[in-house]
Amino acid sequence: MKKYILFSMVVLGSVSCTDSFLEERMVSTITQDYFNTEKGLEQLIVGTYDALRVSKQYQQGPYSLLTGLDVALCRTANFANYTASEWSPTGKMATHPNGLCGEYSSSSLLGYYPIINNCNRAIITIQNQEVSGKFAEDKEYASLRMSEAMFNRAYSLYIMNTLYGDIYVPQEYTTALPKNYSFPRETSENIYKLIIGDLRFAYDHLPDVRDLNLGSEFGRATKGAAAHFLSKLYLQRAQGAKYNGTEYGRKSDGTIDNANEKSYLGMLYKGNIATDLDSCIYYASQVINHGYYNLEADYAKLFSHPLDDYSNESSHELILSAVFGKLDSGADNGRYGNRIQGFIGAGYRDPSWGIEYNWEYGTNVSGPVSYTNDLGFDLFNKHADSRYQKSFFVEFKTALSGGTTTTPALNIDYYAYDNPQNATYVWTEKTANYFNEYVWATYDRESWGGRKAIAGEHKMGKGDLAFAYVENTKETALDMQEALAQPFVVLARWIKDGDKFYYRLPLLAANGSYTYNTQSYLGLNKLSNKTCPGSLKYVDPNRRNLSSSAHSSRDIPLFRLAETYLIRAEAYGRKGDYANAISDINKVRARAAYKIGETRSEVLARLQPGHENLTLSEQQWPYYVEKDMTNAMLVDETYWDGASEKSLAERYPHTAKTTEDRFVNFILNELSRELNLEMIYYENLHHSGWQADRIMYHEQMASPLKGLWDASDNLINGIGQTGDGMGYFQPFHTLKPFAQTVIDLLTDENGVPLDEAGKKAYQNYGY
């Protein structure tokens, strides 16, 4: 049975928004003195846990925390947000973060600022001893509950600071409209002083996870969650210590000069405390050495979610999650419940291919918006690192049953190879001959039954492999004839045909067969949702229906032990202690390695470059792993020496000139491999100070740089893989713009609207 906190709808007297997150409105009919009672204040504090779910409830989170990653891209120009119009104060990159901060919708107060208002109310009420009952009688209990409010306030401010840099920090709570809209931005330094102070108090007073009633209190903040959070904040403050001073826009009084083009880095300055790296190591060690928290033995278990099975949500690797109740339980699931599966997923059907709903996975998502980009795939050692196969849908079987695109027919077998209703591709004489001569002898997939290809018959039947992705490079391009002769559809990133090289070719179905389409090209900003593997981390067969908008009841991990190890590793490395850093890194990588008895996917075992290094039996059905790959995954200092083959394989940005630079970028690479398409990665990338460099050198969709990527021959009217960046992204885009509606609402302390100069001085540089 799924465990969850019952999130009551008790918000009241909070900051809300009609036009912007800064406008306030009373929406509750509950009397204000209710929150001075034990029951009322307890409910108020429970309601603040929505802070952990805000970015998972609707589209604002994925668009805000995935756009601007070096290892992710969005599917269309509409959502990629890499055009000048989208990066403006009126575009999506202002709209979506503003939606996270606070808005008013359907009589509900949403976003971080309303939550902060409630946190402030709870903290002040307890501090001023304005509450009756157990809060007044039991100081320890009062401190524990106040710690929860402090934790959720810290998390809210942290996410907003990550997106905007310096932000307004409410010091009080409000139940009425303000007299003016003077909201001065607080420095990142002071914000970190506040949230670190809050979390240190929380760490001292929150319960140990072992002392929680995991049946009724599952999801509440714990001492371990506070320790993990503190370790991350101390590391981030150390990361940003070098960005102080006028070069980066920091004035002598600590405020930012928003006319400085490097102010996006100046915003990362959060203070310079000599002991921060030691503090990071200390708090991370409190989690790692705790005894309760352990890495899940199998990485896939973290994301496996069988029907009616929620057991992985209690994994001891998870330190804190955004908790969602079962959809039929009556629990409050925030605005919409978990919506991440609707924005990060994979296409599971294509009727034109004869591949209907893939009922094996129990869901359908037809229009996800975010995918991993080429770098995100290339960072994996795919035959040694199981996280690649366990993170992405790299292959799909044919439907297990017949029926239509909307209704399965469980009693109808999938059409046979010679059935005229079978809509899969057919063998041509050329492809059949190639298969029979070069492939057949070693192709022994159980469903295939050893048959030879027959020209005119369909390639796929029940349980056969339908299509698979080969994420290769131009240097390892798959031969066109070999690709076409497979008994399934091969979607390879690079295909070669003689001296021609083709990049992510769309497929064209014609005359009952298929070919790689060289006559048209969709363009990099119009990628089909079938051109690269989608994430399997958010698949949820427990949804009410197969609609792409159906809410999920899955919890979403926010803090997990693998990240704790990598946080501590970076702190060790920044201190020059690479031995301890390597030890922590290898804990994570050893878990990720393929173990004896696991299976690789067919495409990895047979077609993915590097498969030739596997044993012959490993390359044959059922593709069992015969050699433990742990040793191939363990790292040493050569991974960041800048010269070795292993170091070059990490593809560090050109600006990474020193050993420490390359080490930090290795950590970012490892975080990408471990946390791919988990929005946690954004936080690490941004605060490290490397976000802009890595996007400019790695994210072709975003970067305006020229000549850094391989060029292909499938160019139509100059559109396609030209070798040049396709985007508008500039370094200052690492900070999001304040929405123009917010800027236009602002006043000075006397209520006088800001003039244009005042508005410009408030807005982040470049907008």
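Among what's in region 437-447 and is in contact (Cβ under 8 Å) with a residue 12 or more places away in the chain and surrounded by fewer than 18 Cβ atoms within 10 Å (Cβ to Cβ), pick the residue that is nearest to residue 416 (Cα to Cα). Show your work before the answer.
So in region 437-447, the residues in contact (Cβ under 8 Å) with a residue 12 or more places away in the chain come out as 438-440, 442-447.
Subsequent filtering for residues that are surrounded by fewer than 18 Cβ atoms within 10 Å (Cβ to Cβ) retains 438-439, 442, 444, 446-447.
Details: 438: 24, 439: 21, 442: 23, 444: 18, 446: 15, 447: 12 Å.
Taking the candidates together, the pick is 447.
Hey, does region 161-170 have a residue that's over 28 Å from residue 284 (Cα atoms) and either part of a helix (DSSP H, G or I) or not hydrophobic (A, V, I, L, M, F, W, C) (or both)?
Residues of region 161-170 over 28 Å from residue 284 (Cα atoms): 168, 170.
When the remaining residues are screened for being either part of a helix (DSSP H, G or I) or not hydrophobic (A, V, I, L, M, F, W, C) (or both), the result is 168, 170.
Within region 161-170, one or more residues are over 28 Å from residue 284 (Cα atoms) and either part of a helix (DSSP H, G or I) or not hydrophobic (A, V, I, L, M, F, W, C) (or both).
For (1) surrounded by 21 or more Cβ atoms within 10 Å (Cβ to Cβ); (2) at pLDDT 95 or above; (3) of a type outside the set (Ser, Thr, Tyr), each residue gets a yes or a no:
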{"residue": "679", "(1), (2), (3)": "yes, no, yes"}
{"residue": "682", "(1), (2), (3)": "yes, yes, no"}
{"residue": "700", "(1), (2), (3)": "yes, no, yes"}
{"residue": "703", "(1), (2), (3)": "yes, no, no"}
{"residue": "714", "(1), (2), (3)": "yes, no, yes"}
{"residue": "730", "(1), (2), (3)": "no, no, yes"}
{"residue": "751", "(1), (2), (3)": "no, no, yes"}
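Has region 502-514 got any residue that is modelled with pLDDT of 50 or more, hydrophobic (A, V, I, L, M, F, W, C) and surrounded by fewer than 21 Cβ atoms within 10 Å (Cβ to Cβ)? So that I can check it myself, show each step before the final result.
Quick first cut of region 502-514, residues modelled with pLDDT of 50 or more only: 502-507.
Imposing the further condition that a residue be hydrophobic (A, V, I, L, M, F, W, C) reduces the set to 505, 507.
Okay, now just the ones that are also surrounded by fewer than 21 Cβ atoms within 10 Å (Cβ to Cβ), so 507.
Yes.
Check off (1) at positive phi; (2) modelled with pLDDT under 95; (3) among the aromatic types (Phe, Trp, Tyr) for residue 621 and give me the number that stays unchecked.
If we test residue 621 against (1) at positive phi; (2) modelled with pLDDT under 95; (3) among the aromatic types (Phe, Trp, Tyr), just (1) comes out false.
Can you tell me which of 91, 61, 68, 13 is more than 30 Å from residue 665 (Cα to Cα), touching a Ser or Thr at 6+ places or on another chain (Cβ under 9 Å), at pLDDT 75 or above and not acidic (Asp, Glu)? Outline the logic, then answer.
On the way: 61 fails: more than 30 Å from residue 665 (Cα to Cα); 68 fails: more than 30 Å from residue 665 (Cα to Cα); 13 fails: at pLDDT 75 or above.
On inspection, the qualifying residue turns out to be 91.
Looking only at residues in region 274-313 that are assigned to a loop (DSSP other than H, G, I, E, B) and among the charged types (D, E, K, R), which one is farthest from residue 581 (Cα to Cα)? Outline the logic, then answer.
First, pick out the residues of region 274-313 that are assigned to a loop (DSSP other than H, G, I, E, B): 274-275, 289-298, 303-310.
Narrowing the set further to residues that are among the charged types (D, E, K, R) leaves 296, 298, 308-309.
Working: 296: 20, 298: 22, 308: 39, 309: 36 Å.
Looking at residues that are assigned to a loop (DSSP other than H, G, I, E, B) and among the charged types (D, E, K, R), I get 308.
Any residue in region 96-109 that is within 18 Å of the chain's Cα centre (by Cα), closer than 22 Å to residue 676 by Cβ and either at pLDDT 95 or above or surrounded by fewer than 23 Cβ atoms within 10 Å (Cβ to Cβ) (or both)?
no
Just checking, does region 75-83 include any residue being touching a helix residue (DSSP H, G or I) at 6+ places or on another chain (Cβ under 8 Å), buried (at least 18 other Cβ atoms within 10 Å of the Cβ), modelled with pLDDT under 90 and over 28 Å from residue 117 (Cα atoms)?
Yes; the residues of region 75-83 include at least one that is touching a helix residue (DSSP H, G or I) at 6+ places or on another chain (Cβ under 8 Å), buried (at least 18 other Cβ atoms within 10 Å of the Cβ), modelled with pLDDT under 90 and over 28 Å from residue 117 (Cα atoms).
Looking for whichever is free of Cβ contacts under 8 Å to residues at least 12 places away in the same chain, assigned to a loop (DSSP other than H, G, I, E, B) and of a type outside the set (Phe, Trp, Tyr) here; the options are 656, 643. Which one fits?
Only one candidate passes the filter, namely 643.
Can you tell me how many residues in region 213-256 are crowded, with 21+ Cβ neighbours inside 10 Å, within 21 Å of residue 52 (Cβ to Cβ) and aliphatic (A, V, I, L, M)?
7
What are the residues in region 127-171 that are of a type in the set (S, T, N, Q) and within 38 Å of the chain's Cα centre (by Cα), if any?
Start the filter on region 127-171 by keeping residues that are of a type in the set (S, T, N, Q), which leaves 127-129, 132, 143, 147, 152, 156, 161-162, 171.
Answer for region 127-171, where residues must be of a type in the set (S, T, N, Q) and within 38 Å of the chain's Cα centre (by Cα): 127, 143, 147, 152, 156, 161, 162, 171.
Considering only region 226-256, state which residues are at pLDDT below 95 and either touching a Leu at 6+ places or on another chain (Cβ under 9 Å) or of a type in the set (Asp, Glu) (or both).
253
Identify all residues within region 449-491 that are in a strand (DSSP E or B), buried (at least 17 other Cβ atoms within 10 Å of the Cβ) and free of Cβ contacts under 8 Å to residues at least 40 places away in the same chain; write none if there are none.
Let us first name the residues in region 449-491 that are in a strand (DSSP E or B), namely 458, 465-470, 478-479, 489-491.
Then drop every residue that is not buried (at least 17 other Cβ atoms within 10 Å of the Cβ), which leaves 458, 465-470, 478, 489-491.
Once the filter is applied, which keeps residues that are in a strand (DSSP E or B), buried (at least 17 other Cβ atoms within 10 Å of the Cβ) and free of Cβ contacts under 8 Å to residues at least 40 places away in the same chain, region 449-491 yields nothing.
Quick check: anything in region 171-186 part of a strand (DSSP E or B), out of contact with any Pro (no Cβ under 6 Å at 6 or more places or on another chain) and of a type in the set (Asp, Glu)?
Taking region 171-186 as the starting set, the residues that turn out to be part of a strand (DSSP E or B) are 186.
Next, only the ones that are out of contact with any Pro (no Cβ under 6 Å at 6 or more places or on another chain) stay: 186.
The next check asks that each one be of a type in the set (Asp, Glu); those that pass are 186.
Yes: one or more hits.
The values are calculated or read from the model by the stated rules, or taken from the named source; none is laboratory data. Note that this is a predicted model, so its numbers are computed, not measured. When we count neighbours, we look across all protein chains shown, and the Cβ atoms used for this are built from the backbone with ideal geometry, even at glycine.
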